[in-house]
Each structure stands twice: as structure tokens, then as C-alpha cells.
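Trainee: My questions will all concern the structure given below.
The values are calculated or read from the model by the stated rules, or taken from the named source; none is laboratory data. Here the structure is a predicted model, which means the values were calculated and not measured. Using ideal geometry, Cβ is built from the backbone for each residue, glycine included, and neighbour counts are taken over all protein chains shown. Accessible surface is based on the protein model in full, side chains and every heavy atom, while ligands, DNA and RNA are left aside. Shrake-Rupley method; radii C 1.70, N 1.55, O 1.52, S 1.80 Å.
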Amino acid sequence: MNTDFYAIEDLLSDDQVLIQKSTADFIQKNVKPIIEDYAQRAAFPQQLVGLFGEMGLFGPAIPTEYGGGGMDYISYGLIMQEVEKGDSGLRSMASVQSSLVMFPINEFGSEAQKKKFLPKLATGEYLGCFGLTEPNHGSNPSGMETTLKKEGDHYVLNGAKMWITNSPIADIAVVWAKNEKGRVKGVIVEKGMNGFTAPEIHNKWSLRASITGELVFDNVIIPEENILPLKDGLGAPLKCLDNARYGIAWGAIGAAIDCYETAKNYSLERIQFDQPIGGFQLTQKKLSEMLTEITKAQLLALRLGQLKNAGKATTAQISMAKRNNVEMALKIAREARQILGGMGITGDYPIMRHMMNLESVITYEGTHDIHLLILGAEITGIPSFK
């Protein structure tokens, strides 16, 4: 019995099934054999970036004319699910590239910007990052201190961003800053621009196979052609975050499935008191509850994908799915670890790595509590952020 307990595959198109299975095969071949070693060493497997590009895992929903996959959002979700079965850090890398770099350039960029950057991002020749969170402003992006000032025929960027996936090796950064009027603007910062540095953050216990850093801007000169022209205001980066959170809602299911399947297989092999531990009632209770929660999350994500394809998915709906599915995955990781006993903390199995990764996923792209308040504001009509 597999984890598709409610036969969700029957609701998918042939193309969607093919995309899911080909991504699963790719992860099984290229990620599973190496990921524990890279996580133990806190190293990023940079050689995978080009392979992800070749496989079409960057920008699946971006139009084909710019090098994207031209796929629907359920296909994108299925890709994120299979990638996160491999590792949340690699899903973060791909999610940032697709939803937080390619998406804003496609949505808010000029035709010249699309043609210049999107094809190279799609192939993995370029790796991108997204600069919104700051050292003093995480859940409150409206308080950002990074500034963008017009000077003659160019702009000057000053400030810093924190906890930025891909930043130390990124070729471009989509950065959000306030202009002289306090209006949020998006800019494309390119590696090598004077005054632009991206130091790496070390000593992480989570997302160890992902590379994370800062973005520091010291009087960086930004040419006019690098300003995203089609939208400004805080709504622009928040729209990007909706896209990324949607992918996380699917991705977390992948981590949960990997933990569940590991625990289930172990329970059938581990003998105690002359029988497999899978024969004991408490183990069966854990496995039954895991499968139930995974199935509920799958149905939630699928319906959200249908709404997204129809252009109807709201921020609150996305917040509900992100919050529920990540919490679900973290609980399953913890229960699965118990089934494995002491073996569950070793790198011989993926559970502890998933558990540590999910501790970041439950915080980034909107903390667990912030998503609760987004939903609460939707329910009551009263924002409680202040």
C-alpha cells in the first residue's frame, strides 16, 4: 500500500502523473544517494543546480517562451512534493528560484528583463535569491530599512537582508527596498556590482544542505533597466510569497511521506518480543494517524492547486495550507523518529534531517503564528498584527 490512500492520482492528468513520476525518479537517482553526506557536512551540492535546470525543475509555471515549463500549478506542486522528499533545503533552492526570482521577473519585469534573465534561470546557468527579510524586520516587512534613492540616471541601494536562501552563490538577487516616498520597489541586483556582498551564514542545525546568507548593499549603483517596472508597493513581494507558500504546502507533504514510509518499512523489519514492531497496537496507531494526516494534507493541497489554476486562490487559503501541512509534516517526523528508536537520530535514515529542516520551514515564508493571524483576520475582518 502506498501513500496515495484516497487515489488522488486518479484526479490528475496524464501529464501531471508523468511529471510527478519523472521528478520522483530524478530525486531517487540524483539526491537520495548523496544528501545525507552533504547534510552531515553542512555543504550545498551545487552540482545539482544544472541538473535541476536540465530536468525542468526551475520555473515550471513560467511561460515556455522564456525557458519555463508552461505547466499548471498542480504540476508545480507535485514537483515541489517530490523534491522535498529528497530534502527541504533543495526544495527551498528550487522554490526560491521559481517562485521568488523567476515569478517576479515574469510578473513585474520588462520584456528586456524577462529575455535577459529568465532563460538562464530556467537552465540553472544563473541561480537567484530573494531579498525581503531584514535583520530587524522578519514578520513585519513593511518596517524594512533598505533604501533605494534616485540619483541622476540611476539609483543607489543601501541596507541589508538576512536569512537569504542561495545568496552566497547567487548570480542575481531580486531585492525589495523603499524609495524616497517610502514606496516599496523591486530591483534586480547582479553579482559583481560594486558594494554588493553576500556573506554566508554558518553553524545551522537546519537546512544544512542548503546555502544561506545575507545580502549587504553599500551604495550599490542600480541602473534604471534593473528596476522592476510593472508593480510597486508591499503587495508585489507578498504576491511572490503567496506563490512560494503554495509550493511549501505541497513540499511539506513530501517530507512527511518520506518519514512515514521510512517508519513503516522499519516497523515491518524491526523484531522485538519475537515479532515485528509493526504488529504492536501503538505502532499501528502511529502509522494510521500519519497516513490519515498525509491524506488530509494531500486533499487540501490538491484543492488549493485547483483554485490556483483558476486564479482564485486567496492569501488566507494559501496560509491555511502552508501552516497545516508543515505542522503535519513536523509531527509526523517526530512520531516516525520514535518508531525507529535510537536509529531514528542517525544519518542512516532521513528522519532527523527532515525534522531539523522542518523546524526552519515552519518559520520561513511567514511563521506558524503569522499564518494563524492571516487566517484570523480573514475570518473576523479585524487584523491583529498591531
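Trainee: Of Lys114/Lys161; Lys29/Lys331; Lys29/Lys312; Lys114/Lys149, which pairs sit farther than 31 Å apart, going by alpha carbon to alpha carbon?
Mentor: Lys29/Lys312
Trainee: Using only alpha carbon pairs under 8 Å that are at least six residues apart, calculate the relative contact order of the range 1-110 and give it in whole percent. Walk me through the numbers on the way to the answer.
Mentor: Details: 78 pairs, mean separation 30.1, N = 110.
Reported as a whole number, the value is 27 percent.
Trainee: Sticking with this structure for a sec: Ranked from the most accessible area to the least, with a 1.4 Å probe and all protein chains present, what is the order of Arg323, Arg270, Arg41?
Mentor: Details: Arg323 55, Arg270 105, Arg41 125 Å².
Solvent-accessible surface, decreasing: Arg41, Arg270, Arg323.
Trainee: Let me ask something else. Calculate, for Ser384 and Thr64, the FRET efficiency according to 1/(1 + (r/R0)^6) with r their C-beta to C-beta distance and R0 45 Å; round to the nearest 0.05. All intermediate terms of the calculation are to be shown ahead of the outcome.
Mentor: Numbers: r = 43 Å, r/R0 = 0.95.
So, using R0 = 45 Å, E works out to roughly 0.55.
Trainee: Could you sort Glu190, Glu82, Glu111 by accessible area so the largest value comes first, with the probe set to 1.4 Å? Kindly include the intermediate steps, with their values, before the conclusion.
Mentor: On the way: Glu190 40, Glu82 5, Glu111 85 Å².
These residues rank, largest area first, as Glu111, Glu190, Glu82.
Trainee: Fully extended, how many nm does the chain gain between Lys150 and His137 (0.36 nm per residue separation, minus their Cα-Cα distance)?
Mentor: On the way: separation 13, 0.36 × 13 = 4.68 nm, distance 2.37 nm.
Extra length from Lys150 to His137 when fully extended: 2.3 nm.
Trainee: OK, next. Treating the angle as unsigned and between 0 and 90°, give the value, to the nearest 10°, between the Cα long axis of helix 368-380 and the longest Cα principal axis of the chain.
Mentor: Taking Cα atoms only, the helix is inclined about 80 degrees.
Trainee: For Glu125 and His202, FRET efficiency with R0 = 25 Å and r from the beta-carbon atoms, rounded to 0.05?
Mentor: Details: r = 27 Å, r/R0 = 1.08.
The computed FRET efficiency comes out at 0.40.
Trainee: Right, something else. Set the bar at 23 Å for Cα to Cα. Now go through Lys150/Lys191; Lys178/Lys204; Lys85/Lys286; Lys264/Lys296 and name every pair that lies beyond it.
Mentor: Numbers: Lys150/Lys191 21 Å; Lys178/Lys204 30 Å; Lys85/Lys286 20 Å; Lys264/Lys296 19 Å.
Lys178/Lys204, as the Cα separations exceed 23 Å there.
Trainee: Could you order the peptides 368-376, 214-222 from most to least packed, using the average number of other C-beta atoms within 10 Å per residue?
Mentor: Numbers: 368-376: 17.1, 214-222: 19.6.
Sorting 368-376, 214-222 by mean packing, highest first, produces 214-222, 368-376.
Trainee: In whole percent, what relative contact order does the range 95-172 give with Cα contacts below 8 Å and a gap of six or more residues?
Mentor: On the way: 87 pairs, mean separation 23.8, N = 78.
RCO, the range 95-172: 31 percent.
Trainee: Still on this structure, I have one more. Counting heavy atoms of the protein chains only and a 1.4 Å probe, report the per residue accessible area for the range 24-99 as a whole number of Å². Don't skip to the end; give the middle numbers.
Mentor: Details: 2510 Å² over 76 residues.
So the range 24-99 comes to 33 Å² accessible per residue, rounded to a whole number.
Trainee: OK, next. Work out, step by step, the length gained on full extension between Asp348 and Phe280: first 0.36 nm times the residue separation, then minus their alpha carbon distance; give nm to one decimal. Could you put the intermediate results ahead of the total?
Mentor: Values: separation 68, 0.36 × 68 = 24.48 nm, distance 2.39 nm.
Contour length minus the Cα-Cα distance gives 22.1 nm.
Trainee: Same structure, new question: Roughly how many nanometres apart are two label points built 7 Å out from the Cα toward the Cβ at Arg270 and Leu18?
Mentor: Result: 4.1 nm between the two label points.
Trainee: Now a separate question. How much of the accessible area of the range 252-320, in percent, comes from carbon and sulfur atoms when a 1.4 Å probe is used? Don't skip to the answer; put the middle values down first.
Mentor: Numbers: 1790 of 3460 Å².
Carbon and sulfur atoms account for 52 percent of the accessible area of the range 252-320.
Trainee: Next up: Which of Asp258, Asp153, Asp242 moves the most in a Gaussian network model of the chain with Cα springs under 10 Å?
Mentor: Of Asp258, Asp153, Asp242, the Gaussian network model singles out Asp153 as fluctuating most.
Trainee: Separation between the Leu230 and Asp4 pseudo-spin-labels, each 7 Å from Cα along Cα→Cβ, expressed in nm?
Mentor: Using points 7 Å along Cα→Cβ, the separation is 3.5 nm.
Trainee: Measure nothing but the geometry: give the 0 to 90° angle between the long axis through the Cα atoms of 111-123 and the longest principal axis through the Cα atoms of the chain, rounded to 10°.
Mentor: So the helix axis and the longest Cα principal axis differ by about 30 degrees.
Trainee: Would you please give the residues with an amide H less than 5 Å from that of Glu134, counting only those at least 5 places away or on a separate chain, with H modeled from the backbone geometry?
Mentor: Met162
Trainee: Let me ask something else. By the scheme Lys and Arg +1, Asp and Glu -1, what is the net charge of all other residues having a beta-carbon under 12 Å from that of Gly50?
Mentor: Working: positive: Lys120; negative: Glu54, Glu125.
Neighbour charge sum, excluding Gly50 itself: -1.
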